[in-house]
Every structure is written in C-alpha cells, then in structure tokens.
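This report refers to the structure that appears directly beneath it.
The values are calculated or read from the model by the stated rules, or taken from the named source; none is laboratory data. Note that the structure is predicted; figures quoted are calculated from it, not measured. Cβ atoms come from the backbone with ideal geometry, glycine included; neighbour counts cover every protein chain shown. The protein model used for the area step is the full one, side chains on, heavy atoms only, and it has no ligands, DNA or RNA in it. Shrake-Rupley method; radii C 1.70, N 1.55, O 1.52, S 1.80 Å.
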Amino acid sequence: DVLVWKFQLKSSGEEDLVIKQAKPTCGCTVAQVACEQADGSFGPYTFGNPIPPGRKIEIQATLHTQNKRGHASSRINMFTTDPRGQVSLGLEAEVDPFFQVNPAVINFNQVSSKDTVTDKATISTTRGERIKLTAVKDNIPPGVKVELNPLDADAEGKATRYELVAVVGPGCTEGQLAYAVPIR
C-alpha cells in the first residue's frame, strides 16, 4: 500500500515564515507542501517564499510500504526560519506483508561446476489466502533449475503454501552468481 497523510500546520509567529526545505529521511516518503493563499484556497508552495502569519500550511506525505515488514517509519525534516529550530514530522505504519518467504535468500556458497546442490524455500500467504503462483523461468543462468510446487493445492491449483526448489549444477557458471526468481 501507499499511505497518504496530510499534516495541517499554521504560521503562528509574528513574522513571515520561510520554509527552506522539506526533506524526507528515506526514499519511501514523498512530501508535497501547499500554502493557504490570500483568497483562502491552497496552492503549491515554492520553497523560500514568505508565508504571512496566520496562514495555514498543508504537507501531504506519502509512505510507500513496498518491501517493508513490521514497523515502518519515516520522518520529514522541515528546515524553516522558525527560531525554535527544525521541525520533524513523523509517519508510522505497521506493515502486514501478503507473503512470507522462508528463508528470504538461498545461499549455496561455493559450488564447483561439477557439483549438484539443492536447497528449498517456502512461500506462504500470511492470512491463508489461496492463490496460484508460477515461477518465471526466463533468463535462468546455465546450470540452474527452479521449480515451484504447491503444497496444499485445491482443485483449481490454488494453494496457501508453495515450496521453491532450487538446484545448482552441474554446468553452472563459475564465479559469483546471483539470481532473483520472479514469482507471478
């Protein structure tokens, strides 16, 4: 999910406020600043422009939760002319992933091109949803085989758990090899 929150602020000082920068602490967060105009409407704010006292400020923040698990948090640091210093706005979410992959990475370490090594990973839906998954086998390196097998398939071939079986060798490429298995 992409989560959206709108922070509502107000320039409450006696002098104009200038926002120099609104900087998120991570690439998963985007901040858009809007300022109340003289007619009461909101428009995009240009950093460095003065905001008269009493005007409202809206900061729309989005938190992208892709590839996050559990507690996710990010901050937006506001650099302004406020004499109290930097203002920091926080975003937090508890991310419940759709899939569990165990282990997340299969590491074969060192393998000779003459050897054959097999390892497995389990992919399951966190809430028991039945789905149909397939492994994309395009561009698999030589000497690597991948199979994705449902462990509890129903009549339609949908399952809540799958086993990914990876086999390396014989004939695998020597040297460093890393390959991500796309799942659809």
Within the chain, pairs of Lys residues whose Cα atoms are less than 24 angstrom apart, provided they are eight or more positions apart or on distinct chains, add up to 23
Hey, got a sec? Which GluC sites (Glu not before Pro) in region 1-83 land in a DSSP loop and have at most 16 other Cβ atoms within 10 Å? Glu14, Glu15
Taking the convex hull of the alpha carbon atoms in the chain, what volume per residue do you get, in Å³? 181
Under unit Cβ charges (Lys, Arg +1; Asp, Glu -1), what dipole magnitude, rounded to 20 debye, does region 53-121 have relative to its Cα centre? 200
Counting Lys and Arg as +1 and Asp and Glu as -1, each charge on the Cβ, what is the dipole of region 104-184 about the Cα centre in debye, to the nearest 20? 160
Between Asn109, Val87, Asn77, whose Cα lies farthest towards the positive end of the dipole of region 1-130 when Lys and Arg beta carbons carry +1 and Asp and Glu beta carbons carry -1, centred on the Cα centre? Asn109
Using a basic spin-label model with each label point 7 Å from the Cα along Cα→Cβ, how many nm lie between Val4 and Glu174? 5.6
What distance in nm lies between label points placed 7 Å from Cα along the C-beta direction at Asn67 and Val165? 3.1
Assuming R0 = 25 Å, what is the FRET efficiency of Asp154 and Phe98, from their Cβ-Cβ distance, to the nearest 0.05? 0.85
Given a 1.4 Å probe, the accessible area of the chain per residue, as a whole number of Å², is 65
Mean-position separation - Cα centroids, region 24-55 and region 107-178, in angstrom: 49
Which listed residue (Gly54, Leu133, Leu9) has the Cα farthest towards the positive end of the charge dipole for the chain, taking +1 on Lys and Arg C-beta and -1 on Asp and Glu C-beta about the Cα centre? Leu133
Provide the convex hull volume over Cα atoms per residue for region 12-98, in Å³. 104
GNM on the chain, C-alpha springs below 10 Å: top fluctuator among Ala135, Ala38, Ala72? Ala38
Magnitude of the Cβ-charge dipole (Lys and Arg +1, Asp and Glu -1) of the chain about the Cα centre, nearest 20 debye, reported as 160
